[in-house]
Amino acid sequence: MRSYKVLTFGCQMNEHDSEKMSGLLAAEGLMKSDTAEDADLIIINTCSIREKAEQKFFSEVGKLKELKAANPGLVIAVSGCIAQQEGRKILRRAPHVDLIFGNQNIKDLPDLIASRTRGNREVRTDFPEAYEHELLPAVRTGTVSSFVNIMFGCDNFCSYCVVPHVRGREKSRRPSDIVAEITTLVAGGCREVTLLGQNVNSYGRGLEGTDACTFPELLEMVDGIDGLERIRFVTSHPKDLSDSLVEAMARLPKVCENIHLPLQSASDSVLAGMNRKYTFASYMEKLGKLRAAMPGITLSTDIIVGFPGETEEDYRMTVDALESIRYDSIFSFKYSERPNTKALKMPGHLPEGVKSARLDHVIDLQNRITEEKNAGCVGKTYEVLVERPDKTGDAGRVSGKTRGGKIVNFAGGVSLVGRLVTVRITEGKKHSLVGEMV
Ligand code: SF4
């Protein structure tokens, strides 16, 4: 076996898990292949957060059947949340799949491949006691900006969410390990880290003795790393967003004035059904504190429409909240039934047509707000961290982000990659900004 291709679906957690798989495979001497057609090993790293993502996975795995028929030596592996959730069932539904492994079995990948060469079709989806995969080498896709796991799993059990079922219970990494990993990344050219956790605000629960550390304390430690320019983090559960975090964000120079704070719904009865453990008023109070401490802060959120029992009035509250808060961007979804979740058994499931109409309206509304906000950036100057040549392949252009997380494309050479520059915005587009260096 000489080459591999990892196909990644879903969130930044999955993207980083794929980087760890690449790290393990590189250590085994395998080369990264540009296409699935040229690979000897294909791993589909799956997402099961929405039903649509699951359908997409089965369509993707179906497409690989022909490749396997043409090359019987090809090894097809499935990892990630669907692997954790469906396990052996995938082997029955897609007999051309060879291996299944869960999020916490990534370290077993070389062993699983060796087992396959002995003719076995294995399924490994157990939750080991120790989180050994935190120590795995990763091949990062972006050297300027990197993801760093600070914790794994989730204890919150929002009633619509599969994450606690597929990624296990919450566990924080030791702060010294996190700082050591980021220091190594910075030595390799990294200038920005995004600290990853399902709920970073509860980071540190369970850490004791010399490892005891809260999330604001961790930010302080990371802020002290020489050579690092910027710190971001996802995701913040509103119920655990503390005053000390707001204070640390405002005070620490490397922490960007940008937060993803999932609202999900502005109706208290829907929030209670979702088991979110905050009210719209308490969410707004925290948002007020963030805006007071950092007037220019950019905001993004997640919205779910069509949750079981959501009335027209509940939905209107969410629309009104989007109009008044004016997020810079949102991720919006219609509620989708997920296995093993409490919401599945709740009364009041809505027809698909109603859910789709509500989602379409929310998307149109937010597109208008995002465009207005991006247009409002024109004429202003921002500090931009240059991350890469422009994705359009336009020679002589580069792409980076403001501290607020907005993508900016402008004329400049690749030597700017990794540098902080000042850019004046000349045009606001739907999903990005265009500017010129000053
Ligand atoms: S906080 Fe809620 S939505 Fe987020 S991962 Fe945990 S259970 Fe899922």
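Since every read-out is calculated from the coordinates, none of them should be taken as a lab result. Just so we're clear, the structure is a prediction, and the values are computed from it rather than from any experiment. Cβ coordinates were reconstructed from backbone atoms using ideal geometry, including for glycine residues, and neighbour counts include every protein chain displayed.
When +1 charges are put on Lys and Arg Cβ atoms and -1 charges on Asp and Glu Cβ atoms, the dipole computed for segment 354-434 relative to its Cα centre reaches about 180 debye. Normalised Debye scattering of segment 289-375 at q = 0.16 Å⁻¹ gives log10 I(q)/I(0) of -0.69, counting only Cα atoms as equal scatterers and leaving out solvent. Where is the GNM fluctuation largest for the chain (alpha-carbon springs, 10 angstrom cutoff): LEU219, LEU195, LEU365? Fluctuation is largest for LEU365. Exposure proxy ranking for ARG291, ARG338, based on other Cβ atoms within 10 angstrom of each Cβ and starting from the fewest, stands as ARG291, ARG338.
For a Förster distance of 22 Å, can you work out the FRET efficiency between the beta-carbons of GLU372 and ALA292, rounded to the nearest 0.05? Efficiency for this residue pair is about 0.45. Just checking the listed ones, HIS237, HIS361, HIS260: in the Gaussian network model of the chain with Cα springs under 10 Å, the one fluctuating most is HIS361. For the chain, the orientation-averaged shadow of the C-alpha convex hull comes to 21.4 nm² (one quarter of the hull surface). Considering only ALA248, GLY400, SER202, and ranking their Cα positions along the charge dipole of the chain that arises from unit charges at the beta-carbon of Lys, Arg, Asp and Glu, the one farthest toward the positive end is GLY400.
Simple point charges give the picture: +1 on the Cβ of Lys and Arg, -1 on the Cβ of Asp and Glu, and for segment 338-377 a dipole about the Cα centre of about 380 debye. Stretching ARG93 away from SER176 to a fully extended chain increases their span by 25.5 nm, per 0.36 nm per residue minus the current alpha-carbon distance.
Summary of the geometry: segment 202-243 and segment 381-413, compared by the centres of their Cα atoms, lie 28 Å apart.
Computed from point charges on the beta carbon alone (+1 for Lys and Arg, -1 for Asp and Glu), the dipole magnitude for segment 1-73 about its Cα centre is near 140 Debye.
Note on segment 192-310: Cα-only Rg and Dmax are 15.3, 51 Å. Toward the positive end of the charge dipole of segment 326-438, with +1 on the Cβ of Lys and Arg and -1 on the Cβ of Asp and Glu, the farthest Cα among SER329, VAL354, ILE369 is that of VAL354. Take the Cα of SER432, go 7 Å toward its beta carbon, and none of the backbone nitrogen atoms of segment 1-25 fall under 12 Å from that spot. Summarising the amide proton neighbourhood of THR194: residues at separation of 5 or more, or on other chains, whose placed amide H is nearer than 5 Å comprise SER146, PHE147, VAL148, ARG232. Where both bridge residues fall in the chain, DSSP classifies roughly 35% of the beta bridges as antiparallel. Can you tell which of ILE76, GLY10, ILE303 lies farthest toward the positive end of the dipole of the chain, using +1 and -1 charges on the Cβ of basic and acidic side chains (Lys, Arg; Asp, Glu)? Positive-end residue among those listed: ILE76. Of all the options THR381, THR194, THR143, the one that moves most in a Gaussian network model of the chain with Cα springs shorter than 10 angstrom is THR381. For LYS430, the lysines whose Cα falls under 23 Å of its own Cα, not counting residues fewer than eight places away in the same chain, are LYS334, LYS373, LYS380, LYS391, LYS401, LYS406. Put simply, the amide H of SER159, placed in the peptide plane, has neighbours under 5 Å in ASN275, leaving out anything fewer than 5 places away on its chain. Cβ distances below 4.7 Å define possible disulfide partners, and in the chain the cysteines left without one are CYS11, CYS47, CYS81, CYS154, CYS190, CYS213, CYS256, CYS377.
Using the Karplus relation 6.51 cos²θ - 1.76 cosθ + 1.60 with θ = phi - 60°, the per-residue 3J(HN,Hα) values for segment 143-157 come to 7, 5, 10, 10, 8, 9, 5, 10, 7, 10, x, 7, 9, 7, 6 Hz, with x marking Gly and Pro.
So what is the relative contact order of segment 289-375, in percent, for Cα pairs below 8 Å that sit 6 or more residues apart? Don't skip to the end; give the middle numbers.
Numbers: 87 pairs, mean separation 32.6, N = 87.
Reported relative contact order: 37 percent.
For VAL123, neighbours were defined as the other residues whose beta-carbon sits under 14 Å from its Cβ, and their charges (Lys and Arg +1, Asp and Glu -1) total +1. Quick one: plug the Kirkwood hydrodynamic radius of segment 3-124 (C-alpha pairs) into Stokes-Einstein at 20 °C, 1.002 mPa s, and report D in µm²/s. D, rounded to a whole number, is 152 µm²/s. For segment 31-93, treating each Cα as an identical point scatterer without solvent, what Debye log10 I(q)/I(0) comes out at q = 0.16, 0.25, 0.29 1/Å? After summing over all Cα pairs, the log10 values are -0.53, -1.14, -1.33.
What does the charge add up to near PHE57, with Lys and Arg as +1, Asp and Glu as -1, over the other residues with Cβ less than 12 Å from its Cβ? Walk me through the numbers before you get to the answer.
Details: positive: ARG50, LYS52, LYS56, LYS63, ARG93; negative: GLU51, GLU54, GLU60, GLU86.
Summing Lys and Arg as +1 and Asp and Glu as -1 gives +1.
Label positions at SER59 and ASP364, each projected 7 Å from the Cα along the C-beta direction, are separated by 2.4 nm.
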